[in-house]
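J.: Provided herewith is a single structure, encoded as structure tokens, for subsequent inquiry.
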Amino acid sequence: MSGILYQVYPRSFQDSNGDGVGDLRGVIERLPYLAELGVNALWLSPIFPSPMEDFGYDISDYTGIDPLFGTDDDFDALIAAAHKLDLKVILDLVPNHTSDRHPWFVESRSSKNNPRRDWYIWRDGGEGGPPNNWLSEFGGSSWEFDSQTRQYYYHAFLRSQPDLNWRNREVREAIHDVMRFWLRRGVDGFRVDVMWHLIKDELLRDNPPNPDYVPGQQPYQQLIPLYSTDRREVHDVIAELRLVVEEFDDRVLIGEIYLPPEKLVAYYGDNLGGAHLPFNFALISSPWNARAVAKLVDDYEAALPSGAWPNWVLGNHDRQRIASRVGNDQARVAAMLLLTLRGTPTLYYGDEIGMLQVEISPDQVRDPWEKNLPGLGVGRDGCRTPMQWDSTPQAGFSTGMPWLPVSRNFATENVAAERQDATSIFSLYRALIALRRARPELALGAFKLVSVTDSLLVFVREHQDQRSLVALNFGREPALFEASGLRGLILLSTFMDRMDEAVSGHLALRGSEGLVMERLG
Ligand code: NOJ
């Protein structure tokens with residue numbers, strides 16, 4: 001659990017059959033790359049049969065493999081090959097909703113007295129409209145009227161993604177069985193999609209208006225999702241998911257949860273019986289400066305229940321690429337931060353080579369969210385473009401036409417080129433991961449804030465008698481850290497030089513430089 005997690009977005013990682021969409025055989029081909037990088041586990045975004053309206057987050061069969069990605073045999077081969085390389089495999093579990101083409105929903109929708117009617121959230125309308133004012137994250141009401149039975153069903157996302165009713169015991173058991181199915185097949189755990197959405201208010205009370213809403217923001221933000229998300233009863237549901245995972249040795253339960261730290265940490269559960277790792281997205285949404293980052297680390301560390309293991313995420317398939325958000329130079333500082341903080345780091349594919357958000361022209365848009373709400377900047381295609389492996393056509397991703405365009409910079413920014421360049425961001429990531437693996441204090445040690453200014457963040461990681469000091473310059477200008485007793489050796493610079501330089505009394509950093517030093521004094 002203290003290892004490094006790497007998110008693979010299977011559509012965009014490696015295509016092995018030339019159809020322009022990545023697949024499981026492609027992932028198998030690239031496993032040695034992940035081993036070379038030094039990560040410990042890969043998390044695959046959904047690979048199950050799906051109409052792909054939300055690219056796999058709309059599942060029509062929880063226990064199959066979508067033919068686009070391969071076969072059952074390919075999946076077994078992937079697990080075997082990954083385990084051989086000592087890589088764990090985490091699957092995406094999407095229990096909040098299914099596709100409207102899932103047989104469960106087809107049955108549920110067929111009549112009011114179908115035995116699966118209660119597996120989804122059906123209600124009569126109120127006063128000529130939907131049952132309440134809840135909004136879909138992807139725009140519009142979250143209620144869809146079904147003319148056949150003249151009731152509405154609830155969908156937190158697309159109307160083709162009806163929410164399951166987690167108050168129904170049979171639903172719970174059905175998903176538990178899905179989990180057991182994959183755990184028996186050898187998977188090492190799950191990342192649970194939108195965990196904080198699973199239970200909604202029993203009375204379906206209206207959500208209150210958001211006083212901070214500013215026109216131009218996404219419509220979903222008009223209301224505070226007080227009654228539709230983060231309900232107390234969700235923790236009972238998660239405790240049950242955890243028990244299923246515990247039926248097997250050494251498996252992990254990770255939750256996708258977008259909440260502030262004090263609410264997020266509740267997802268570790270009573271007596272830590274909830275998620276092992278409620279994803280911590282604080283770095284994804286924070287302003288990028290030393291004081292803001294120091295504060296969010298402090299807030300998070302302070303909120304953690306005793307014994308809870310922290311984690312940090314820098315990017316994913318729903319958010320802007322880090323290198324575009326903070327710039328290429330600061331992306332190196334971000335890498336050093338991610339890999340020197342206390343807790344499990346999660347890397348998003350391609351961030352290790354500095355991949356940028358790709359501009360998507362209107363005719364190339366694939367993301368349903370962007371299609372629903374054009375012009376609001378919600379589009380996620382730009383962070384899902386094909387992995388840049390080399391300078392051959394389509395960056396070595398596919399021999400066909402990729403489902404999303406390859407970044408224009410692929411001829412120079414790719415794995416093959418950066419592997420040859422000892423100062424590349426890829427070389428930095430490798431060095432950081434190797435350092436973290438070699439020095440237990442960087443993975444396990446206590447975090448102590450030493451100093452923070454507008455641009456400079458300095459902290460120490462300490463485990464038994466080993467101490468590392470990390471200094472990160474969030475500014476473009478040089479910065480100086482002085483401390484009378486400071487003594488040691490530089491282990492790594494984000495510029496990939498200064499190795500073994502002796503430090504005494506002060507540490508001088510160039511603009512946008514990060515340093516790790518072995519602290520002797
Ligand atoms: C969160 C996933 O990360 C996102 O990609 C998806 O659209 C929604 N959940 C709905 O499943």
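The values are calculated or read from the model by the stated rules, or taken from the named source; none is laboratory data. On a predicted model such as this, the values are computed, not experimentally measured, just so you know. Ideal geometry is used to build each Cβ from the backbone, glycine not excepted, and the neighbour counts take in all protein chains shown. What goes into the accessible areas is simple: the full protein's heavy atoms, side chains included, and nothing from ligands, DNA or RNA. Shrake-Rupley method; radii C 1.70, N 1.55, O 1.52, S 1.80 Å.
J.: Which of the GluC sites (Glu not before Pro) across the range 310-414 are loop residues per DSSP, with 16 or fewer other Cβ within 10 Å? Mind dumping the intermediate values first?
T.: On the way: sites: GLU352, GLU359, GLU370, GLU413; in loops: GLU359, GLU413.
Filter output for the range 310-414: GLU359.
J.: Ignoring any ligand, DNA or RNA, what whole percent of the accessible area of the chain comes from carbon and sulfur when the probe is 1.4 angstrom?
T.: 49
J.: Would you kindly state the longest site-free stretch of the chain, with sites defined as trypsin sites (Lys or Arg not before Pro) in a DSSP loop (not H, G, I, E, B) surrounded by at most 13 other Cβ atoms within 10 Å?
T.: Working: sites that count: LYS112, ARG150, ARG232, ARG476.
Value returned for the longest uninterrupted segment is 233-475.
J.: Here's something else I'd like to know. Under 5 Å between amide H atoms, partner at least 5 residues away or on a different chain: which partners does GLY38 have, H built in plane at 1.01 Å?
T.: The list, which skips near neighbours in sequence, is empty: none.
J.: Something else about it: Report, in listed order, any pair from LYS84/LYS295; LYS263/LYS448; LYS112/LYS200; LYS200/LYS371 with a Cα-Cα distance greater than 32 Å.
T.: LYS84/LYS295
J.: Give me the dipole magnitude in Debye, nearest 20, for the chain about the Cα centre, with unit charges on the beta carbon: positive for Lys and Arg, negative for Asp and Glu.
T.: Numbers: 52 positive and 72 negative charges, 141 e Å.
With Lys and Arg at +1 and Asp and Glu at -1, about 680 debye.
J.: Roughly speaking, what is the centre-to-centre gap between the range 484-508 and the range 208-280 when only Cα atoms are used, to the nearest Å?
T.: That distance is 41 Å.
J.: Take every DSSP beta bridge whose two residues both sit in the chain, then give the antiparallel share in percent to the nearest 5.
T.: 65
J.: If amide hydrogens are placed 1.01 Å from N in the peptide plane, which non-local residues have theirs closer than 5 Å to the one on ASP163?
T.: ILE121, TYR154, HIS155, ALA156
J.: Add -39500 (n - 2.57) for each DSSP H run of 4 or more in the chain, then divide by its residues: what number comes out at 222 nm, to the nearest 500 deg cm²/dmol?
T.: It lands at -7500 deg cm²/dmol.
J.: Give, in nm to one decimal, the length gained when the segment between ASP236 and LEU272 is fully stretched (0.36 nm per residue of separation minus the Cα-Cα distance).
T.: 11.7 nm
J.: Loop-only GluC sites (Glu not before Pro) in the range 36-127, please: DSSP not H, G, I, E or B, and at most 15 other Cβ atoms within 10 Å.
T.: GLU127
J.: Tell me the GluC sites (Glu not before Pro) within the range 136-223 that lie in a loop according to DSSP and have at most 13 other beta-carbon atoms within 10 Å. Don't jump to the answer; show the numbers that get you there.
T.: Details: sites: GLU137, GLU144, GLU170, GLU173, GLU202; in loops: GLU137, GLU202.
Sparse-neighbourhood loop GluC sites (Glu not before Pro): GLU202.
J.: Per residue, how much accessible area does the range 445-519 have with a 1.4 Å probe, in Å²?
T.: On the way: 3420 Å² over 75 residues.
I get 46 Å² per residue for this part.
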